[in-house]
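Participant: Got a structure for you, questions after.
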2 protein chains.
Amino acid sequence: MHPTHPDLSSHECSTAMRSVRDALDLLGGKWKLPIIVGLTSGPRRFKQLQREVVGITAKMLSKELKELEINGLITRHVQADVAPVAVTYTLAAYGRTLYPVIESLHTWGQQHRRHIMHPETLEATAAEWAAPDALSA
Amino acid sequence: MHPTHPDLSSHECSTAMRSVRDALDLLGGKWKLPIIVGLTSGPRRFKQLQREVVGITAKMLSKELKELEINGLITRHVQADVAPVAVTYTLAAYGRTLYPVIESLHTWGQQHRRHIMHPETLEATAAEWAAPDALSA
DNA sequence: CACACCGGTATACTTCGGTAAACCGCTATC
DNA sequence: GATAGCGGTTTACCGAAGTATACCGGTGTG
């Protein structure tokens with residue numbers, strides 16, 4: 001048809017799309033990111049984590065932890081000597097590389113909550129945040 | 001070694017968790033973010049978008065676009081005068097506030113792909129990225 | 001005329017994410 | 001001895017998410 005639409009970024013766009021979907025493959029679903037957030041403040045034990053990630057069932061937590069471990073984002077260590085075997089989960093170094101992602105989601109979610117509660121300030125808000133036109137970085 | 005990290009207080013942690021889950025409520029699922037990425041480089045028509053977001057069915061695309069519009073992230077406009085009614089989707093101002101999120105996911109996904117393909121450079125990689133200790137901002 | 005593109009909708013189906021609840025061996029507490 | 005905590009696994013089940021396919025009215029193309 002009309003190949004003349006000056007689409008600067010059709011390449012960049014598909015690159016971005018691929019990367020985002022790669023990331024989503026690992027982090028997608030309802031629980032993975034909340035779990036990682038729970039681990040940002042230090043090692044946690046199973047039940048402890050289950051209490052923090054409100055609403056998750058033991059089965060889901062168990063399953064998600066396995067997947068996160070397989071992908072190298074978290075580490076599981078067992079202390080067999082102590083009383084009723086202590087199991088601890090920690091953010092692995094690789095998992096810590098997710099901080100920027102967590103942070104941006106955290107910030108956006110916070111703003112979003114305000115935005116929902118005070119919709120009258122919408123335009124101001126949207127303008128203030130200022131969208132950096134990066135993404136091509 | 002010693003990740004003497006700015007331990008998120010338990011309060012900050014639950015705040016972060018709540019925000020992240022708020023964001024995930026809007027953006028969760030397999031398609032929403034890829035669709036938004038597709039719209040970052042300009043307005044798109046339905047079929048055009050379907051071609052870019054590889055693998056999505058018309059039904060899903062239609063459903064997701066509706067939800068994104070309801071949440072004010074994108075805008076739909078219809079041009080009724082032209083031949084076979086042209087429908088165009090655009091990132092709304094509010095949707096553009098997601099750039100930081102998209103960008104961090106994009107960056108991480110890109111690194112992750114490299115990481116998968118050259119696992120031997122793992123330690124170097126993880127160290128290099130350096131996790132910004134923010135998040136408590 | 002036959003065919004393809006557009007922007008979807010309708011119907012039917014399958015898969016998977018997720019829940020609820022019971023259960024396991026072990027330990028410590030009342 | 002009963003109960004509760006730990007770190008899960010197992011079973012059973014449901015509903016949402018996602019897929020596949022066909023179809024619609026309109027138009028323009030060969």
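Here, each number is a calculation from the coordinates, and none is a lab measurement. Since we're looking at a predicted model, the values are computed, not measured. We place every Cβ from the backbone using ideal geometry, glycine too, and count neighbours over all the protein chains shown.
Participant: I'd like to compare A:34-45, A:65-76, B:82-93: which one has the highest average count of other Cβ atoms within 10 Å, and what's the full order after that?
Facilitator: A:34-45, A:65-76, B:82-93
Participant: Now for a separate question. Which whole-number percentage describes the relative contact order of the range A:14-97, with Cα contacts under 8 Å and a sequence gap of 6 or more?
Facilitator: On the way: 79 pairs, mean separation 25.2, N = 84.
Result for the range A:14-97 is 30 percent.
Participant: Sum up the charges of everything whose Cβ sits under 13 Å from the Cβ of B:SER19, counting Lys and Arg as +1 and Asp and Glu as -1, but leave B:SER19 out.
Facilitator: Working: positive: A:ARG113, A:ARG114, B:ARG18, B:ARG21; negative: A:GLU103, B:GLU12, B:ASP22, B:ASP25.
Charge balance near B:SER19 sits at 0.
Participant: List every residue whose amide H lies under 5 Å from the amide H of B:VAL53, counting only residues 5 or more places away in sequence or on a different chain, with H placed 1.01 Å from N in the peptide plane.
Facilitator: HN-HN under 5 Å from B:VAL53: empty list.
Participant: Pairs A:LYS32/B:LYS59; A:LYS59/B:LYS66; A:LYS66/B:LYS30; A:LYS59/B:LYS47; A:LYS63/B:LYS32: which exceed 30 Å Cα-Cα? The partial results should precede the final answer.
Facilitator: Numbers: A:LYS32/B:LYS59 27 Å; A:LYS59/B:LYS66 33 Å; A:LYS66/B:LYS30 21 Å; A:LYS59/B:LYS47 40 Å; A:LYS63/B:LYS32 24 Å.
Pairs exceeding 30 Å: A:LYS59/B:LYS66; A:LYS59/B:LYS47.
Participant: With the label 7 angstrom out along Cα to Cβ, how close does B:ARG51 come to the same site in each of the other copies, in nm, nearest first?
Facilitator: 5.6
Participant: How far apart, in nm, are two points set 7 Å out from the Cα along the Cα-to-Cβ line at A:HIS11 and at A:THR57?
Facilitator: Simple spin-label model gives 4.9 nm for this pair.
Participant: Here is a further query. When 1/r is averaged over all different Cα pairs and the result inverted, which Kirkwood radius in Å belongs to the range B:10-92? List each step's numbers first, then the result.
Facilitator: Numbers: mean 1/r = 0.0715 Å⁻¹.
For the range B:10-92, the Kirkwood estimate is 14.0 Å.
Participant: When Cβ neighbours within 10 Å are restricted to other protein chains, what is their mean count per residue of peptide B:23-32? Numbers along the way, then the final one.
Facilitator: Values: counts 11, 10, 3, 4, 5, 5, 4, 5, 2, 1.
Across B:23-32, the average partner-chain Cβ count within 10 Å equals 5.
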